[in-house]
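Before any comments, here is the structure.
The values are calculated or read from the model by the stated rules, or taken from the named source; none is laboratory data. These figures come from a predicted structure and were not determined experimentally. Neighbour counts are summed over all protein chains in view; Cβ atoms, including those assigned to glycine, are modelled from backbone coordinates with ideal geometry. Just so you know, the surface numbers come from the protein's heavy atoms only, side chains and all, with ligands and any DNA or RNA stripped out. Shrake-Rupley method; radii C 1.70, N 1.55, O 1.52, S 1.80 Å.
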Amino acid sequence: MSLKNKNLVSTQDWKKEELDQVLDLAIKLKKKPFNKNLANKTLFMVFFNPSLRTRSSFETAMNQSGGHAVNLAIGQGMWKLEHQEGTVMNGECAEHIKDAAKVLSRYGNAIGVRCFPELKNWKKEKNDSIIKGFAKHASTPVINMESTLYHPCQALADIMTVKEHLGKTKKKKFVLAWCYHPKALPTAVPNSAALIASRYGMDTTIACPKEFELDPSIIKSVKENCKLNGSKMEIVNDMDKALKGADIVYAKSWGSINYYGNWDEEKILRNKLKDWKITKQKMQLTNNAKFMHCLPVRRNVVVDDAVIDSKNSLVYDEAENRLHVQKALLNSIMR
Ligand code: CP
């Protein structure tokens, strides 16, 4: 089936067979990394926020496929972009995303966008208007390189890594474990991890303190995914209970939707939760689980060195698989 010109905003927008097609190609490209499939093609990467893995893996993927990637870092040699429709642009932003998307579409063959939330107003920011704006106005495919709600490329690399190490995903227990972190972080990675695990039939447990439950719309989709795939979904507010029998422990910190924009108050609550950390003792509660984290990670805050450096840690395989799945994605969707 042709995937040409498809946007990737969330894995939820794609049929399971379409996701499988990209994952199958990623496995092939991992064995045979170099081709000229994207010769003379250009990917524009618009970064509103910093990156190590996303930027370097996309650029490498284009290079290894015979194409070229252009890095456009907002505010660093690239105009600040307005994303509200119909706004009077008399503020900081010199260009509208409508114009940027249309112009880049005339030059190249796909646009990737990283646009984190401002962490001020959940109701407003959950609309994900920047990535949606690019998808609406570009005539090339648009790839979400992490927005307010989703990080689909991370999710694809994650499920590829799970498949490589567990062989099958159905009925395996995936625990998304909230961890303490000194800062309130976005929810795109945990949302996408729970969505992809449930999509691939894993029994999906979200372990988090009550105040840190994910947005109800995401929980609803995770539940629906589990129902469709014959697996179980549970939210457990006790990390030890949640970890029992886990095959995968996916650690991640995120800020509370309930305290969104009210971070001083949230910090008081969060500071009481420092024992929400993945330690060797916690891993002993599991079914000899593999440890996963999208990186970057704060060592000995989120996870102890003894776990992340253990033979059960998949963090570097996960990071490497970003390259292979994104190359497969670019080979599949670029026009
Ligand atoms: N996991 C991930 O997206 O890493 P970067 O933020 O470094 O791109």
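Counting pairs of alpha carbon atoms under 8 Å apart in space and at least six apart in sequence, what relative contact order in percent does the chain give? Don't jump to the answer; show the numbers that get you there.
Numbers: 682 pairs, mean separation 70.3, N = 335.
Normalised by residue count, the contact order of the chain is 21 percent.
For LYS41, the residues 5 or more places off, or on other chains, whose built amide H falls under 5 Å of its own are HIS68. Backbone geometry of region 243-259 corresponds, through the Karplus equation with coefficients 6.51, -1.76 and 1.60 at θ = phi - 60°, to 3J(HN,Hα) couplings of 6, 4, x, 5, 9, 10, 10, 10, 7, 6, 9, 8, x, 7, 5, 5, 10 Hz, x marking Gly and Pro.
Each Lys or Arg adds one and each Asp or Glu takes one away; over the other residues whose Cβ falls under 11 Å from the Cβ of ASN287, this sums to +3.
The overall shape of region 240-335, judged from the alpha-carbon gyration tensor, is oblate: a/c is not under 1.5, and a/b is no greater than b/c. One chain, two ends: VAL103 and LYS28. Fully extended at 0.36 nm per residue, the span grows by 23.6 nm beyond their Cα-Cα distance. Each residue, LYS210 and ASP317, gets one label point 7 Å from its Cα in the Cβ direction; the gap between the two is 3.8 nm. Nonpolar atom fraction for region 280-325, defined as the carbon and sulfur part of the 1.4 Å probe accessible area, stands at 48 percent. The mean accessible area for residues of the chain, using a 1.4 Å probe and ignoring ligands and nucleic acids, is 44 Å² per residue.
How much of the accessible area of region 1-56, probe 1.4 Å, is carbon plus sulfur, in whole percent? Carbon and sulfur atoms account for 53 percent of the accessible area of region 1-56. Taking label positions 7 Å along the Cα-Cβ direction at both LYS170 and ASN35, the computed distance is 2.9 nm, reported to one decimal.
Within the shell of other residues whose beta carbon sits under 12 angstrom from the beta carbon of ASN63, the net charge comes to +2, with Lys and Arg scored +1 and Asp and Glu -1. Rounded to the nearest 10 square angstrom, LYS183 shows an accessible area of 120 square angstrom against a 1.4 Å probe.
Compute the signed sum of charges (Lys and Arg +1, Asp and Glu -1) over the other residues within less than 12 Å, Cβ to Cβ, of LEU176. Charge balance near LEU176 sits at -2. Extension gain, ARG299-GLU17: 0.36 nm per intervening residue step, less the Cα-Cα distance, totals 97.8 nm. With contacts taken as Cα pairs under 8 Å and at least 6 residues apart, region 154-319 reaches a relative contact order of 27 percent. A simple spin-label model places the labels of VAL236 and SER310 1.6 nm from each other, with each point 7 Å out along Cα-to-Cβ. For LYS163 and GLU224, what is the calculated FRET efficiency with R₀ set at 22 Å and r taken between the beta-carbons, to the nearest 0.05? Approximately 0.50, to the nearest 0.05.
Counted over all Cα-Cα pairs of region 1-103, pairs farther apart than 21 Å make up 51 percent. The residue among MET283, PRO182, SER192 whose Cα reaches farthest toward the positive pole of the charge dipole of region 154-319, with charges on the beta-carbon of Lys, Arg, Asp and Glu, is MET283. For the peptides 154-161, 175-182, residues were scored by their other Cβ atoms within 10 Å and the scores averaged per peptide; the highest-first order is 154-161, 175-182.
How large is the direction-averaged shadow of the alpha-carbon convex hull of region 154-319, in nm²?
Numbers: hull surface 33.3 nm².
Directional mean of the projected Cα hull area for region 154-319 stands at 8.3 nm².
For region 167-243, the Kirkwood hydrodynamic radius from C-alpha pairs, put into Stokes-Einstein at 20 °C and a viscosity of 1.002 mPa s, yields a diffusion coefficient of 172 µm² per second.
Helices in the chain, meaning DSSP H runs of at least 4 residues, each add -39500 (n - 2.57). Divided by all residues, the mean residue ellipticity at 222 nm is -11500 deg cm²/dmol.
Which of the helices in the chain meet the span-like rule: DSSP H, Cα axial reach of 24 Å or more, Kyte-Doolittle mean at least -1.0? Span-like helices here: 315-333. Just so you know, the Rg over Rh for region 125-210 is 1.03, from Cα atoms, with Rh as the Kirkwood radius.
Computed packing ranks the peptides 139-152, 3-16 as 139-152, 3-16, most packed first, by mean other Cβ atoms within 10 Å.
Stokes-Einstein D for the chain at 10 °C, 1.306 mPa s, Kirkwood Rh over Cα pairs, in µm²/s? The partial results should precede the final answer.
Numbers: Rh = 20.3 Å.
Stokes-Einstein gives a translational diffusion coefficient of 78 µm²/s.
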